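Read through the structure below, which is laid out as structure tokens, and then see the notes.
The values are calculated or read from the model by the stated rules, or taken from the named source; none is laboratory data. Small disclaimer: the values here were computed from a predicted structure and weren't measured. Cβ placement follows ideal geometry from the backbone for every residue including glycine, while neighbour counts extend to all protein chains displayed. Side chains are part of the model used for accessible areas, which takes the heavy atoms of the whole protein and leaves out ligands, DNA and RNA. Shrake-Rupley method; radii C 1.70, N 1.55, O 1.52, S 1.80 Å.
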Amino acid sequence: MASPKSIGAIELSSVGIGYKVQDEMLKAAAVEIVIARTICSGKYFIIIAGSVSDVRSAIAAGAKIADEAIIDQLVIPKVHDSVFPALGQSVVLSGDQGEALGIVETFSGVSVIAAADAAAKAARVTLFRIHVAMALGGKGFCLMAGNVADVTAGVSSAAAEARKRGLLVSEVVIPRPSKELFSEYI
């Protein structure tokens, strides 16, 4: 698949319905599964990528049969390029990217994707981790690095997106973080 420009996600309250929704989404459009798995507290989470029209079609098809099992969903037509590597935890930080660390935590995996995209579009930050719902009680968080002003702007935009959805848990900017906070990423 060529570099995807759109991302979609659905978080469901049922594992069984999650598998059914995933199957329907794959049959409805030419999308790539980025993540599809059970998540904390017995939910199912699906992230897809592809063209804008395919992602919209797949999410619509999945939502149609999911009925009341949908907890949250989204389609971001022009997702920021840094979202996919951060979801895949494949971002490598250099030693000089640690002037500030930003953390945004949300009550759902879907909302943290929207928050991370907002941060990357608002400021010159390096998204280096988007963690969705595993071992977090269904919550999500994203980590970003950069200079203090950019990280502050990125965290502010991400938090505003999560707050708009009613799902913000915390927003933190740590200036001059200790090197140990980045040790597993550098």
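For residues that are open to solvent by 40 Å² or more (accessible area, probe 1.4 Å) and more than 21 Å from G137 (Cα to Cα), tally how many sit in region 35-61.
Matching residues across region 35-61 total 7.
Please work out which one of (1) part of a helix (DSSP H, G or I); (2) over 30 Å from S41 (Cα atoms); (3) of a type outside the set (A, V, I, L, M) is the condition R124 fails and give its number.
Failing condition for R124: (1).
Which number in (1) of a type in the set (D, E, K, R); (2) under 16 Å from D72 (Cβ atoms); (3) at pLDDT 95 or above; (4) open to solvent by 30 Å² or more (accessible area, probe 1.4 Å) marks the one condition that E171 misses?
Just one mismatch for E171, condition (2).
Being in a loop (DSSP other than H, G, I, E, B) and of a type in the set (A, V, I, L, M, F, W, C) is the filter here; which residues of region 25-47 pass it?
The first filter runs over region 25-47 and keeps only residues in a loop (DSSP other than H, G, I, E, B), leaving 29-31, 40-42.
Of everything in region 25-47, those that are in a loop (DSSP other than H, G, I, E, B) and of a type in the set (A, V, I, L, M, F, W, C) turn out to be A29, A30, V31, C40.
Considering only residues that are part of a strand (DSSP E or B), over 10 Å from K5 (Cβ atoms) and among the aliphatic types (A, V, I, L, M), which ones fall in region 71-93?
Within region 71-93, I71, L74, V75 meet the criteria.
Look through V31, V83 and report the one residue that is of a type in the set (A, V, I, L, M) and under 16 Å from the mean Cα position of the chain (by Cα).
Details: V31 fails: under 16 Å from the mean Cα position of the chain (by Cα).
Unique residue meeting the criteria: V83.
Take region 16-30 and flag every residue that is in contact with a helix residue (DSSP H, G or I) (Cβ under 7 Å, 6 or more places away or on another chain) and open to solvent by less than 20 Å² (accessible area, probe 1.4 Å).
First, the residues of region 16-30 that are in contact with a helix residue (DSSP H, G or I) (Cβ under 7 Å, 6 or more places away or on another chain): 17, 20-21, 24-25, 28-30.
Residues satisfying the conditions are V21, M25, A29.
Please pick out the residue among S13, S82 that is among the polar types (S, T, N, Q), crowded, with 18+ Cβ neighbours inside 10 Å, within 27 Å of E171 (Cα to Cα) and in contact with a helix residue (DSSP H, G or I) (Cβ under 8 Å, 6 or more places away or on another chain).
On the way: S13 fails: crowded, with 18+ Cβ neighbours inside 10 Å.
Of S13, S82, the one residue that is among the polar types (S, T, N, Q), crowded, with 18+ Cβ neighbours inside 10 Å, within 27 Å of E171 (Cα to Cα) and in contact with a helix residue (DSSP H, G or I) (Cβ under 8 Å, 6 or more places away or on another chain) is S82.
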